[in-house]
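See structure below.
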Amino acid sequence: MSKKPKQTIVVSGINMVEGGILSILSDCLAYLDTYLHQDYNIVALVHKKSFFQTKHVTYIEYEDAKSSWFRRIWYEYFYFKKLSRELSPLLWLSLHDMSPNIDAKIKAVYCHNSTPFYSTTLETLKMEPKLVAFSAFYKYLYRINIKKNDYIIVQQKWLREEFKKLFNVDNIIVSHPTVNVQPGSAILNHSKKLLAQNGLKQNFIFFYPSFPRVFKNFEVAFEASKLLQQRGYHNFKLIVTLAGNENKYAAHLYRLYKNDPLIEWKGLLPRNEVFDIYAEADCLLFPSKLETWGLPITEFREYNKPMLLANLPYAKETAEGYSKAKFVEPDNPPKLADAMEAALNNCLVFDKTECENQPRTKLEVVGWKELFSVLLYKNEGQHV
């Protein structure tokens with residue numbers, strides 16, 4: 001009896017080259033490579049295959065995809081139609097916002113960009129005019145072909161409600177990401193490093209890992225640092241993952257705060273080095289005003305340390321069930337300084353978060369296994 005030929009899963013992420021979205025693409029391909037390659041052919045459309053480490057994924061590179069929006073649009077709405085007919089996929093999962101013109105039995109789009117729901121300001125227009133343009137542009141970009149998808153995937157419930165209102169769709173999966181972290185070994189390695197330096201750690205470490213975008217709201221953290229020093233506190237440092245030369249916003253921040261002796265400008269770091277700092281840090285700061293998820297919150301919660309977070313729906317959903325979260329108004333440096341001072345003095349009063357064990361609907365999933373079970377169920381007749 002001949003073996004049934006494998007069907008094909010296509011994952012498209014040709015524009016995903018850095019930060020959280022690249023991590024999502026990497027994690028997705030790692031899951032498929034480990035758990036589904038025996039039953040499916042896995043094809044990944046990527047910017048560079050050197051970004052990934054897999055054994056059973058076929059990569060097709062599109063290094064010119066970010067050269068211009070015209071090039072990206074040509075791929076998504078014209079070229080991929082021909083490619084999809086050649087590959088004849090069971091599932092085509094577009095992992096970066098756009099719903100392409102394709103032929104596939106199951107079509108799904110993963111929507112990351114939450115800028116259409118960001119209230120822009122004059123400061124935003126000055127520092128990141130592209131962000132203002134994209135905020136308007138994405139409202140129309142999302143709309144193209146969105147109703148041709150079998151599934152639309154977002155990371156949080158608040159985004160699902162916004163998509164329902166804006167696009168009149170209801171086939172929306174809320175997919176909470178999971179992160180594999182091994183804090184024990186990382187902490188042990190850092191303990192060895194500290195002992196090797198023949199001294200105990202002197203400074204309390206606040207860590208804000210993020211790429212410099214206007215909505216990331218670094219100013220509130222820097223201003224809170226200044227206020228703490230004015231109150232007489234000098235036994236801490238604030239580590240940030242920017243160097244000051246990444247873009248206009250970063251350069252603006254560096255001009256204003258480069259002389260603060262307690263700010264450590266690390267620049268963009270590889271993911272493993274971010275986890276190293278997680279292990280050493282005493283408290284996470286995450287005052288961002290806009291996120292589709294807030295990946296550092298998920299990553300840092302594995303270390304069971306305090307987190308000072310923006311008092312916004314995305315942060316509350318990401319920190320759901322965590323016992324050491326404090327929510328602070330994102331435009332209030334004195335309040336953030338108060339919370340940082342309490343953390344320094346080990347007297348921080350944490351906020352109650354919702355219980356994460358609340359019943360979920362069939363379109364609310366956690367992790368890649370549950371997500372692909374829903375995506376593939378339609379044609380396979382059983383969960384994978």
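Laboratory data are not the source of any read-out in this text; all were calculated from the coordinates shown. Given the structure is predicted, the values throughout are model-derived calculations rather than measurements. We place every Cβ from the backbone using ideal geometry, glycine too, and count neighbours over all the protein chains shown.
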*Listed candidates (1) 1.04; (2) 1.00; (3) 1.11 - label of the one calculated as Cα Rg over 2.2 N^0.38 Å*: (1)
*Work from the charge dipole of the stretch 183-344 (Cβ charges, +1 for Lys and Arg, -1 for Asp and Glu, about the Cα centre) and give the residue of Tyr322, Pro212, Leu290 farthest towards its positive end.*
Pro212
*For the stretch 220-295 and the stretch 31-103, what is the separation of their C-alpha centers, rounded to whole Å?*
35 Å
*asked:* Compute the helix-to-body angle for 157-167: its Cα long axis versus the longest principal axis of the chain, expressed 0 to 90° and rounded to tens.
replied: 50 degrees
*Can you tell me how much longer the chain between Asp103 and Gln38 gets when fully stretched, taken as 0.36 nm per residue apart minus their C-alpha distance, in nm with one decimal?*
21.1 nm
*Answer rounded, prolate or oblate for the stretch 183-344, using the Cα gyration tensor with square roots of eigenvalues a ≥ b ≥ c: rounded when a/c is under 1.5, else prolate when a/b is larger than b/c, else oblate.*
rounded
*Given +1 on the Cβ of Lys and Arg, -1 on the Cβ of Asp and Glu, and no further charges, what dipole in debye does the stretch 183-344 carry about its Cα centre, rounded to the nearest 20?*
260 debye
_Residue (of Trp368, Asn304, Met340) at the positive-pole extreme of the stretch 251-375, dipole from beta-carbon charges_ = Trp368
*Show that you can apply the helix-only estimate: for the chain, add -39,500 (n - 2.57) for every DSSP H stretch of four or more residues, divide by all residues, and state [θ] at 222 nm to the nearest 500.*
-11000 deg cm²/dmol
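With charges only on Cβ, +1 for K and R and -1 for D and E, what is the dipole size of the chain about its Cα centre, in debye, rounded to 20?
About 800 debye.
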*Name the residues of the stretch 29-58 whose amide N is less than 15 Å from a point 7 angstrom out from the Cα of Thr178 along the C-beta direction?*
29-36
*Residue separation times 0.36 nm, minus the C-alpha to C-alpha distance between Cys347 and Tyr31: what's the value?*
109.7 nm
